[in-house]
There are 4 protein chains.
Amino acid sequence: MGGVFRFLTAGESHGEALVAVIDGVPAGLPLTEADINGDLARRQRGYGRGGRMKIERDQVHVLSGVRWGATLGSPITLSIANRDWENWKATMGIAVPEAGTAKKEVTRPRPGHADLAGAMKYGHRDIRNVLERSSARETTARVAVAGVAKRLLAEFGITILSHVTEIGGARIGELSIAWDELARRAEGSEVRCADPSAEAAMIAAIDDAKAKGDTLGGVFEVVAVGCPVGLGSYVQWDRRLDGRLAQAFCSIQAIKGCEFGMGFETARRPGSGVHDEILFDASHGFNRSTNNAGGLEGGVTNGQAVVVRAAMKPLSTLRTPLKSVDLATKEVVEAVVERSDVCAVPAAGIVGEAMMAIVLADAFLEKFGGDGIDEIRHNHRAYLDSLKSW
Amino acid sequence: MGGVFRFLTAGESHGEALVAVIDGVPAGLPLTEADINGDLARRQRGYGRGGRMKIERDQVHVLSGVRWGATLGSPITLSIANRDWENWKATMGIAVPEAGTAKKEVTRPRPGHADLAGAMKYGHRDIRNVLERSSARETTARVAVAGVAKRLLAEFGITILSHVTEIGGARIGELSIAWDELARRAEGSEVRCADPSAEAAMIAAIDDAKAKGDTLGGVFEVVAVGCPVGLGSYVQWDRRLDGRLAQAFCSIQAIKGCEFGMGFETARRPGSGVHDEILFDASHGFNRSTNNAGGLEGGVTNGQAVVVRAAMKPLSTLRTPLKSVDLATKEVVEAVVERSDVCAVPAAGIVGEAMMAIVLADAFLEKFGGDGIDEIRHNHRAYLDSLKSW
Amino acid sequence: MGGVFRFLTAGESHGEALVAVIDGVPAGLPLTEADINGDLARRQRGYGRGGRMKIERDQVHVLSGVRWGATLGSPITLSIANRDWENWKATMGIAVPEAGTAKKEVTRPRPGHADLAGAMKYGHRDIRNVLERSSARETTARVAVAGVAKRLLAEFGITILSHVTEIGGARIGELSIAWDELARRAEGSEVRCADPSAEAAMIAAIDDAKAKGDTLGGVFEVVAVGCPVGLGSYVQWDRRLDGRLAQAFCSIQAIKGCEFGMGFETARRPGSGVHDEILFDASHGFNRSTNNAGGLEGGVTNGQAVVVRAAMKPLSTLRTPLKSVDLATKEVVEAVVERSDVCAVPAAGIVGEAMMAIVLADAFLEKFGGDGIDEIRHNHRAYLDSLKSW
Amino acid sequence: MGGVFRFLTAGESHGEALVAVIDGVPAGLPLTEADINGDLARRQRGYGRGGRMKIERDQVHVLSGVRWGATLGSPITLSIANRDWENWKATMGIAVPEAGTAKKEVTRPRPGHADLAGAMKYGHRDIRNVLERSSARETTARVAVAGVAKRLLAEFGITILSHVTEIGGARIGELSIAWDELARRAEGSEVRCADPSAEAAMIAAIDDAKAKGDTLGGVFEVVAVGCPVGLGSYVQWDRRLDGRLAQAFCSIQAIKGCEFGMGFETARRPGSGVHDEILFDASHGFNRSTNNAGGLEGGVTNGQAVVVRAAMKPLSTLRTPLKSVDLATKEVVEAVVERSDVCAVPAAGIVGEAMMAIVLADAFLEKFGGDGIDEIRHNHRAYLDSLKSW
């Protein structure tokens, strides 16, 4: 939930709406629905998505917590209607539907999904009761929540970007470009890849997988620029920012790993080639010439960009289905096929941005306290000033 | 903190003692200090450790919550005394020491540590005020806490093991052996490596780094065997077990990444080569022939072994020190050298076991409720029975 | 938020809707909107309410978490639309309204409300930004949430009732009637009072206050019948059920005190006249002949009815206004008058039921674990059986 | 646990030690053991206490988190040794004792205690396994924790006092004296009563109860002076400060009710006689001439003194025992007699101060953020300054 910036999301994949309630947003933050819709649209793009993305075209509706263009300090409700609800009302409605109006129950669990474990845990015989909530469709609500978090962070000079570094084995090369240029390039790419030659290889890999009825995963990187020194803490394990970010990233559907800065590669190099030496000059204060730590030392931000990468497994629903067992008959069957995307890594990167923003907003509010934007601005500035003459 | 099995640790690296208080342990669990001391000893072994490990020889003292060999249901206090406290009393005592009795203040922050960011965050001028708590010495308390968690899990047939898969670039090969054989071999190895040829390469790498005054990181794997289907949940992001495990692992000092099952490799393979097909036979129920998911689908345990790997960066304190800047003088200096280990990956694996045990104990108690061991045993068995005929 | 049954509410008093998201409700619980609407209607009744109650006529809409008449285990969204929204859209909308369409800003803080402290805390100049959320209208969402909690508790034989014991000084006498008869009488009374002569005095007091432009408070009692022994715990202060109930009751708007069982009166009697002696008979097990403890000993339910009373202060908005100071001009003024009820104690009793249900549902799920109703039923029954032969 | 200032306590009544670990205390706060020992001693005084109080003479030992007279920002461990441990080692030790060395098991549950419900909940046959933790002895650890909280609050001009207003029916009259004079008088009274004539009546009541082998409860009042406007919040039920204080007070052993400001009396008066009118003058800003609200409006501090009263029931262990039933034999027996105090209300007032301090410290840190005392001081001052020119 988060400690200060806390929220709950709700909603089934084909239910009436996705909803989120956020508590802990300070008062006086300028906020419009457009601030949120931008990322909802970014989440729906990407080469290799199937037909449903077109139906969705998500739009947020703000139901509470914002008045006349600014937050009130009271909880914010975000709702994203299901544009296809009329077609799903019988199947997903609260009331028992008339015979013959609802879709059939789902009894063939998909490997790689919560289908089987979820059915057993909750005692469901119809797997639809599981998959409707375990679906990555739920991340739409997180992206909406993060629209608020990003708006808050932006007020304090913190921006978040993402790009895809790998799809189906095709990887980017070294890129020696500024973060904003990287972001600009990623935004312009159908696979959110900033390296044109890798981009072409990724698209080819997706086309190839599509032809084979297969799916692909990949790796994306999320970067937060402008974080002050001192978010998170080393004093208790659950306050370390690296741990909190890891939870946030690995809670995204289909993510099977995450790493910070140089990540797994640090396990393969000597210490002399890993740690970022400390520099100082009178005009900029303490600084580094490298950022292998990914902006986190001892679980605390060190003033460098926070860099997290996450590995996404291939989508679990293959057009050429995997083998499974029918829950009712116990016969060997092919797993149900719910949708037909080939690759969702570009979209997952936007969800990664969302989780980064949510964790940072929470840690930011913890550090600086305050209930209104002016008060927080004051606390933030005074802290930064104290570091300058440190 | 955890939701049911919650705890706080305390204590400075050279302070009087490390302490943990655990709330939420059910009543009637058999527990002795020996149950905990075993892992404290395992954490202190390992090729490539410096001299201090010999002084430490940690022993837990149980101060509350256990009576006549069994838990009471009330909070458990664990204390591990610092055997070298007399030598540190002046430096780390509560009272201001007499002039000349304490060690000098530390003003040269080490790259890779919380030293600089921690000093700025908390307003410390003496870096000792940071490093004493940010030190990995704190994990001793977590390992002690996990002694209780493991004892609880063992009662329900869940066991946890670890082994080292990589140090300084030397990796294990494919190992097609049973988990208990793997554990047995790791226990017998100075680097906790179950593959003899990799073990030799790891030891050579450590010797080489030592000769160069350098340090090494690596990768360890932690495995939980015997988890029931249905721990964790997909219904809300912060209840997903993968996320909770990721936080736990990435909150370990020096960990820069973690992955589940096939992990980052899933990003490179097609879906048809990743997902674990679902099988069924009348005597064993649902099963799998592969476990690429690492026992977690949709953030929920699926009955297979839970498998997590974590990447540890090289130790930040090099005998050949890194460049830094003195906090007081702002002059370029060499970072302070606090201790002299070359590689702590084998020990980190024990800490990884600890975090796995803590997260699983929490999720287990959430799932099964109950306040006494007999009550929990009843709930657990009834659930397992219901799955058999599922 | 609660630990297992956790929720957030949102919505301004004259905003588009009130919303709640509940996480942690088990799967398989039968639930309809009617289960919730009953209490929404009960909250809106009561002698001494002003005109707005008629407009409200609250109806819940379930947006997620329920399918075909039963819960899914996924989060439940409840929404209660503001039937008067069209008239408030300009004043409370997200967008800046056209000039002249919105109500004027509020600058005269009301004594007894959050108006002044809230404006200062959040930096609001228009008190509407405070009062729209601090209003007791918010309790509508809690009552809706409690509809779900009550439905869960009912499944396990736990029922909750309330009645008014005092309004404006008029009190009920000794009532030696069964709980269900008490509830029946309270339901039939305009002031929810089960004692006809006290009821008449309460109504007279309300009429009198109304004539004087004044307001009245009172006391209500909430009773939970059927709780098993062992909810809550004494092992850590924040797990004691009496504390958790006290938070819940004293978090209701306008509540200035609460008490358990004999309550404040226990402070005036000797121990021999307070404690409930312990009895036993073979057919019913352990029992008591009195319940001065109000069902709670040591912060744990003891199997007797849980009895809580709360004191509500008079409404803060008087038709004959109190003195205040204009925020903008700093001149002495009369406080703003937002609405015109004389007494809301009967309604507050329904909110008290809600908070009781929410706390008990949370404690119940903690004790019995489980994710589906069948699993919980099994755990519950096994525990009760174990006590029978205790 | 609290959100920012969070802690766990541990320890059995006759165990080796009571322990608390506190997380979230900022760095740079001056702290000595004497800051804590003062209140430990105050908790042990009071007319009507039995013999054990003399043995206890509690002294805290700080094991972590403090160095050279100031906090480090890392967790603080407090330990209070049991001075009588040698005599209890066999009975309460971790190891199974040698035959004949331990006290007999307890099988006669005391009405009014957790004895019976606790035994059933946790499955204990020996009630000692319950009473050792449910005992009010545990509050010693809370008082120690509050020593740290009070030290923090004092740094920001917030002080907390308490006095006894009622024992066994004897009550204080109107006292029109300043808070510091009230505190001074209470400190000088054996029953912590500031009204000399009531004090005499209280002592007489205690003597009388003692002669009869009976026990007495009473009421104490706790006051926090100097709280800034704006602690707590109305935006979500669980953030309201009145609710949080109510939980804290009603979590104290033997407390059966609490009230704020005019409390239950507000239920009996018209609104015109309850709400505190708002005043303003140029030199002091907004103010009130009465404080019936007890410093809390809408769940938020309003700048007036925070005033809470709590009702304590008579001690449950009477020298003339209550009737009970033996757990083993199911025969009617007299309840076990563990100790022999007649009245503990004066001591409970000190525990009340502790809970007030703990809740306020938590809310204070939430509001002002910050990690070091200097940073917090800056944030606090800037907020207060902004209110002056409000």
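The values are calculated or read from the model by the stated rules, or taken from the named source; none is laboratory data. Worth saying up front: this structure is predicted, and the values here are computed from it rather than measured. All Cβ positions, glycine included, derive from the backbone under ideal geometry; neighbour counts span all protein chains shown. All accessible areas refer to the heavy atoms of the entire protein, side chains included, with ligands and DNA or RNA removed. Shrake-Rupley method; radii C 1.70, N 1.55, O 1.52, S 1.80 Å.
For segment B:2-23, a residue qualifies if it is surrounded by fewer than 24 Cβ atoms within 10 Å (Cβ to Cβ) and either among the polar types (S, T, N, Q) or on the phi > 0 side of the Ramachandran plot (or both), and the qualifying residues are B:Gly2, B:Ser13.
Would you mind telling me which numbered condition in (1) modelled with pLDDT of 95 or more; (2) out of contact with any Leu (no Cβ under 8 Å at 6 or more places or on another chain) A:Gly15 fails? Evaluating A:Gly15 over (1) modelled with pLDDT of 95 or more; (2) out of contact with any Leu (no Cβ under 8 Å at 6 or more places or on another chain) leaves (2) as the failure. If the condition is being charged (D, E, K, R) and surrounded by fewer than 18 Cβ atoms within 10 Å (Cβ to Cβ), then segment C:278-300 contributes only C:Asp281. For segment A:24-39, taking the residues that are under 26 Å from D:Phe364 (Cβ atoms) and not in a loop (DSSP other than H, G, I, E, B), the one that is most open to solvent (accessible area, probe 1.4 Å) is identified as A:Gly28.
Sub-8 Å Cβ pairs linking a first residue in segment D:197-211 that is over 14 Å from D:Pro314 (Cβ atoms) to a second residue that is open to solvent by 20 Å² or more (accessible area, probe 1.4 Å) and not in a helix (DSSP H, G or I), at least 6 apart or interchain, are D:Ser197/D:Gly173; D:Ala198/D:Arg171; D:Ala198/D:Ile172; D:Ala198/D:Gly173; D:Glu199/D:Glu190; D:Ile203/D:Tyr47; D:Ile203/D:Glu190, ordered by first then second residue.
Checked against the criterion of being open to solvent by 10 Å² or more (accessible area, probe 1.4 Å) and part of a strand (DSSP E or B), the candidates D:Glu221, D:Glu265 yield just one match: D:Glu221. Residue pairs whose Cβ atoms lie under 6 Å apart, separated by 6 or more positions or on different chains, with the first residue in segment C:68-80 and under 26 Å from C:Glu138 (Cα atoms) and the second surrounded by fewer than 24 Cβ atoms within 10 Å (Cβ to Cβ) and acidic (Asp, Glu), are C:Ile80/C:Asp58. If the condition is being more than 7 Å from chain C (Cβ to nearest Cβ), open to solvent by 10 Å² or more (accessible area, probe 1.4 Å) and in a helix (DSSP H, G or I), then segment D:234-260 contributes only D:Arg239. Exactly one residue out of D:Ser162, D:Ser176, D:Ser189 is surrounded by 18 or more Cβ atoms within 10 Å (Cβ to Cβ) and assigned to a loop (DSSP other than H, G, I, E, B), and it is D:Ser189.
Within segment B:301-316, the set of residues being more than 18 Å from B:Thr159 (Cα to Cα) and open to solvent by less than 10 Å² (accessible area, probe 1.4 Å) comprises B:Ala310, B:Ala311, B:Pro314.
Residue check: B:Ala335 meets all listed conditions (1) within 8 Å of another protein chain (Cβ to nearest Cβ); (2) among the aliphatic types (A, V, I, L, M); (3) surrounded by fewer than 17 Cβ atoms within 10 Å (Cβ to Cβ) but one, namely (3).
Among the residues of segment D:159-217, those identified as on the phi > 0 side of the Ramachandran plot and either more than 14 Å from every other protein chain (Cβ to nearest Cβ) or within 21 Å of the chain's Cα centre (by Cα) (or both) are D:Gly168, D:Arg192.
Matching residues to (1) open to solvent by less than 10 Å² (accessible area, probe 1.4 Å); (2) hydrophobic (A, V, I, L, M, F, W, C):
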| position | (1), (2) |
| --- | --- |
| A:Arg67 | no, no |
| A:Thr71 | yes, no |
| A:Ile76 | yes, yes |
| A:Ala81 | no, yes |
| A:Ala90 | no, yes |
| A:Ala95 | no, yes |
| A:Glu98 | no, no |
| A:Ala102 | no, yes |
| A:Arg108 | no, no |
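Residues in segment B:117-159 that are part of a helix (DSSP H, G or I), without any contact (Cβ under 8 Å) to a residue 40 or more places away in the chain and under 25 Å from A:Asp385 (Cα atoms): B:Ala117, B:Gly118, B:Met120, B:Lys121, B:Tyr122, B:Arg128, B:Asn129, B:Val130. Summed over segment D:272-298, residues that are part of a loop (DSSP other than H, G, I, E, B), touching a Leu at 6+ places or on another chain (Cβ under 8 Å) and more than 7 Å from every other protein chain (Cβ to nearest Cβ) total 1. Annotation note: of B:Ser272, B:Ser324, the sole residue that is of a type in the set (S, T, N, Q) and surrounded by 24 or more Cβ atoms within 10 Å (Cβ to Cβ) is B:Ser324. Among residues of segment A:354-371 that are closer than 20 Å to A:Ala20 by Cβ and assigned to a helix (DSSP H, G or I), those with a beta-carbon under 6 Å from a residue that is of a type in the set (Val, Ile, Thr) and open to solvent by less than 10 Å² (accessible area, probe 1.4 Å) at least six positions away or on a different chain give the pairs A:Ala354/A:Val143; A:Met356/A:Val222. When the residues of segment C:299-315 are filtered to those that are in a strand (DSSP E or B) and in contact with a Leu (Cβ under 8 Å, 6 or more places away or on another chain), the one that is nearest to the other protein chains (Cβ to nearest Cβ) is C:Val300.
So is D:Ala102 in a loop (DSSP other than H, G, I, E, B) and over 30 Å from D:Ser324 (Cα atoms) or not? No; evaluated as a whole, the condition is false for this residue.
Listed residues B:Ala117, B:Ala136, B:Ala141; which is within 11 Å of chain A (Cβ to nearest Cβ), open to solvent by 20 Å² or more (accessible area, probe 1.4 Å) and either within 21 Å of D:Pro26 (Cβ to Cβ) or within 20 Å of the chain's Cα centre (by Cα) (or both)? Of the residues listed, the single one that is within 11 Å of chain A (Cβ to nearest Cβ), open to solvent by 20 Å² or more (accessible area, probe 1.4 Å) and either within 21 Å of D:Pro26 (Cβ to Cβ) or within 20 Å of the chain's Cα centre (by Cα) (or both) is B:Ala136.
The C-beta contact set for segment B:43-59 (first residue under 17 Å from B:Gly15 (Cβ atoms), second residue modelled with pLDDT under 85 and open to solvent by 50 Å² or more (accessible area, probe 1.4 Å), distance under 8 angstrom, 6+ apart or interchain) comprises B:Arg52/B:Arg339. Remark: pairs (first residue in segment C:323-335, over 13 Å from D:Phe286 (Cα atoms); second residue open to solvent by 20 Å² or more (accessible area, probe 1.4 Å) and assigned to a loop (DSSP other than H, G, I, E, B); Cβ separation under 6 Å; 6+ apart in sequence or on different chains) = C:Val333/C:Arg108; C:Glu334/C:Pro321; C:Ala335/C:Arg108; C:Ala335/C:Pro321. Within segment C:192-206, the residues that satisfy the criterion of being open to solvent by less than 70 Å² (accessible area, probe 1.4 Å) and not hydrophobic (A, V, I, L, M, F, W, C) are C:Arg192, C:Asp195, C:Glu199. Checked against (1) in a helix (DSSP H, G or I); (2) open to solvent by less than 30 Å² (accessible area, probe 1.4 Å); (3) at pLDDT below 95, A:Ile55 passes all but condition (2).
Inside segment C:377-390, residues that are within 8 Å of another protein chain (Cβ to nearest Cβ) and in contact (Cβ under 8 Å) with a residue 40 or more places away in the chain make up a count of 3.
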